[in-house]
There are 2 protein chains.
Amino acid sequence: MNLKNDLLLRAARGETIERTPVWLMRQAGRILPQYRALRKKVKDFKGLIANPELACEVTLQPVKELGVDAAIIFSDILVIPEEMGLPYNMIDSVGPRFQKTVKNVGDIKSLHVCDGDELDYVYEAISLVKEDLNNKIPLIGFSGAPWTLFAYMVEGGGSKTFSKAKKFLFTESESAHKLLDMISDSVIAYLQGQIDAGVDIVQIFDSWAGVLSPEAYNNYSLPYLQKICNAIDGVPIIVFAKDAHYVLEDMKEVKCDVVGLDWTMPISESRKRLGKKKTLQGNLDPCILYSDAADIKLATEVMLKEFGSQKHIANLGHGVYPDTPLDGVKCFIDTVKQYKFE
Amino acid sequence: MNLKNDLLLRAARGETIERTPVWLMRQAGRILPQYRALRKKVKDFKGLIANPELACEVTLQPVKELGVDAAIIFSDILVIPEEMGLPYNMIDSVGPRFQKTVKNVGDIKSLHVCDGDELDYVYEAISLVKEDLNNKIPLIGFSGAPWTLFAYMVEGGGSKTFSKAKKFLFTESESAHKLLDMISDSVIAYLQGQIDAGVDIVQIFDSWAGVLSPEAYNNYSLPYLQKICNAIDGVPIIVFAKDAHYVLEDMKEVKCDVVGLDWTMPISESRKRLGKKKTLQGNLDPCILYSDAADIKLATEVMLKEFGSQKHIANLGHGVYPDTPLDGVKCFIDTVKQYKFE
């Protein structure tokens, strides 16, 4: 059952690659006319991710349209808080809103560790995608990181500062650790479920890493990433702690294979701080894709050259923005695929 | 006309200080009961900053209540875009909203460089504050940095990604530079006006620095900070480029006296990257002030020790959050003022 194109997996494991693999965070979504057409018929985002056939269809859209080197299962990081006992609504052009939030230790007691079984619909979508892909390219599974999920659960939605979530850390430290541990156990069960269903590699998104100080990150995020990475078995792991530039030295000690960089992290300096062992993923500024083809090509080539020909997975430094022109996206992907290292 | 307490100015100029001076970004504002009481009577934020007597009153409130080592004139960074030709509204618990935005080179042609005279009401407030302070402590003037003001002018308000403003940079580079230059000239006139009116030191806030890549920052922000710092004469300058951790090496070349750090920037590493010449300002996580007194004291002392006894101005790593308990704020300030270096 060898993959026809296993560039991404070989890059992740630090094996020799002939060219740099490429995929985009949020490649399945509003950048694609196929997705926008589907969403005209299926208005309900949560209904979409809960329907394995539709989730499979959306997952495969960028594979055909963009020619990426990996698919990523179409889902949402907030399925974990929901299964733990905190339902949410996804409101168009606003984002997620939780119906209730975690305010104290009593609220934590009403939650439970998710054993992963409740998320069968994701595993089913994974099986369908794997079947359709027919070993053409790898499939990426994913989860939110404990701190990021915790931040949503306390805050109740997005936030500029996540000051409520951080206040909880600094005033209810013991309860915070308890909840972070419960989330971690849920994430482990969920990722293992995805692996059992067939994903070839997983990514952990710590999207709100950047609001924490180095001390707070070491206290409230890193130990739980460690716990998850130690528990996960069988596939390579990508950790993306957005804006947590200060954490690169400590990432050395996390049992993951790939570390994601955002566009504020200088490539050579990041490589130096992380050491030579791990593969890097990233990190073009998504806004560069608004430029014309010549500028996108130039910026992508500069990026590729600085990362070097090995131990790199090309990506943006964040999920692609919904209003990005498709031609810009394709120019980025094609530039990576055609680039020849001297 | 010597100041009775000139600790902040001596720290800024790198002269010997007996203890670390302390003030807070956004110290005049919702953390103070006096301010909240006044806002019950004066609902209109823009009316408040346009009224020299009231702006003076608000500026002085934290001086009496908190015992800070500096006052900062109560105003708003968006007075510059407004005087250039883009009026805005300040909407409670939403933030600023511009009535029209900059979309193309035509929109830029309808704007003008502000010569500073239109902002007489700020200078008048400064004169009143200086009179009331009676040389007790220094008064800080301020402005937004060109990139941050540009970002608001194109985006029309706050944003998670500032992708519209960045799109403008990457698709209309020449026009972007033209507008950034016009903003810079306006900022120079405005800061010089504040200095003529009596401020003892100025701070330039590059609040949205963190959404740019190092390359983009070097192209679209740093040259304009340089231009301003080269033009300003007579008082020390603080530059605070929030989240722009990658810029510290380049800040060495900017003609400013103090560089602000946010709480994601490790202190010792930042000092190493910036070199020994400049004074550092910052950088406690504002959320620490939600903790109890013992934790605030400990975190503040750890911070002070790492910065060292010289070339440091104590502050938070961001403006204090409006719902911060006053006791927490006072604990931070008192800890700084009482700390004895070994």
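The values are calculated or read from the model by the stated rules, or taken from the named source; none is laboratory data. Just so it is clear, the structure is predicted and the values come from calculations on it, not from any experiment. We place every Cβ from the backbone using ideal geometry, glycine too, and count neighbours over all the protein chains shown.
Scanning the range B:263-282 for residues that are within 13 Å of chain A (Cβ to nearest Cβ) and under 14 Å from the mean Cα position of the chain (by Cα) yields a count of 1.
Evaluated against (1) on the phi < 0 side of the Ramachandran plot; (2) in contact (Cβ under 8 Å) with a residue 40 or more places away in the chain; (3) exposed (fewer than 14 other Cβ atoms within 10 Å of the Cβ), A:Cys56 falls short on exactly one condition, (3). Read through the list (1) in contact with a His (Cβ under 7 Å, 6 or more places away or on another chain); (2) within 11 Å of another protein chain (Cβ to nearest Cβ); (3) over 19 Å from B:Thr171 (Cβ atoms), then give the number of the only condition that A:Pro286 fails. So the condition that A:Pro286 fails would be (3). Being out of contact with any Asp or Glu (no Cβ under 6 Å at 6 or more places or on another chain), within 30 Å of B:Trp263 (Cα to Cα) and not in a helix (DSSP H, G or I) is a property that holds for A:Lys160. Counting only helices (runs of 4 or more DSSP H) that sit wholly inside the range B:1-114, those with at least 3 residues that are modelled with pLDDT of 95 or more and more than 22 Å from the chain's Cα centre (by Cα) are B:33-41, B:105-109.
Conditions tested, residue by residue: (1) at positive phi; (2) touching a Pro at 6+ places or on another chain (Cβ under 6 Å); (3) among the aliphatic types (A, V, I, L, M).
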{"site": "A:Ile183", "(1), (2), (3)": "no, yes, yes"}
{"site": "A:Ser186", "(1), (2), (3)": "no, no, no"}
{"site": "A:Leu191", "(1), (2), (3)": "no, no, yes"}
{"site": "A:Phe205", "(1), (2), (3)": "no, no, no"}
{"site": "A:Trp208", "(1), (2), (3)": "no, no, no"}
{"site": "A:Ser213", "(1), (2), (3)": "no, no, no"}
{"site": "A:Asn218", "(1), (2), (3)": "no, no, no"}
{"site": "A:Pro223", "(1), (2), (3)": "no, no, no"}
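For the residues B:Val202, B:Val122, B:Val187, B:Val105, the requirement of being away from chain A (no Cβ under 14 Å), among the aliphatic types (A, V, I, L, M), in contact (Cβ under 8 Å) with a residue 60 or more places away in the chain and surrounded by fewer than 17 Cβ atoms within 10 Å (Cβ to Cβ) singles out B:Val105. Scanning the range A:232-257 for residues that are away from every other protein chain (no Cβ under 11 Å), farther than 18 Å from A:Ile77 by Cβ and of a type outside the set (A, V, I, L, M) yields A:Asp233, A:Gly234, A:Pro236, A:Asp250, A:Lys252, A:Glu253, A:Lys255, A:Asp257. Anything in the range A:150-177 that is of a type in the set (A, V, I, L, M, F, W, C), in contact (Cβ under 8 Å) with a residue 60 or more places away in the chain and within 24 Å of B:Ala294 (Cα to Cα)? List them, or say none. Within the range A:150-177, just A:Phe168 meets the criteria. The set of residues from the range B:205-214 being within 14 Å of chain A (Cβ to nearest Cβ) and aromatic (Phe, Trp, Tyr) comprises just one member, B:Trp208.
In the condition set (1) surrounded by fewer than 21 Cβ atoms within 10 Å (Cβ to Cβ); (2) without any contact (Cβ under 8 Å) to a residue 60 or more places away in the chain, B:Arg13 is compliant with all but (2). Applying the set (1) closer than 23 Å to A:Ala151 by Cα; (2) of a type in the set (D, E, K, R); (3) without any contact (Cβ under 8 Å) to a residue 60 or more places away in the chain to A:Lys252 leaves exactly one unmet item: (1). Check the range A:201-220 and report whether any residue there is assigned to a helix (DSSP H, G or I), of a type in the set (Phe, Trp, Tyr) and within 24 Å of B:Leu316 (Cβ to Cβ). So far as the range A:201-220 goes, yes, one or more of its residues are assigned to a helix (DSSP H, G or I), of a type in the set (Phe, Trp, Tyr) and within 24 Å of B:Leu316 (Cβ to Cβ).
Restricting the first member to the range B:16-45 and to residues that are of a type in the set (A, V, I, L, M), and the second to residues that are surrounded by fewer than 13 Cβ atoms within 10 Å (Cβ to Cβ), no beta-carbon pair is closer than 7 Å while six or more apart or on different chains.
Anything in the range B:289-313 that is more than 14 Å from chain A (Cβ to nearest Cβ) and not small (Gly, Ala, Ser)? List them, or say none.
Taking the range B:289-313 first, the residues more than 14 Å from chain A (Cβ to nearest Cβ) are B:304, B:307-313.
Matches in the range B:289-313: B:Leu304, B:Phe307, B:Gln310, B:Lys311, B:His312, B:Ile313.
Scanning the range A:215-231 for residues that are under 13 Å from A:Gly144 (Cα atoms) and among the hydroxyl-bearing types (Ser, Thr, Tyr), we see that the one that is farthest from the other protein chains (Cβ to nearest Cβ) is A:Tyr224. With the structure loaded, tell me whether B:Gly260 is touching a Phe, Trp or Tyr at 6+ places or on another chain (Cβ under 7 Å), within 25 Å of A:Arg273 (Cα to Cα) and away from chain A (no Cβ under 13 Å) or whether it fails that test. So B:Gly260 fits the description; yes.
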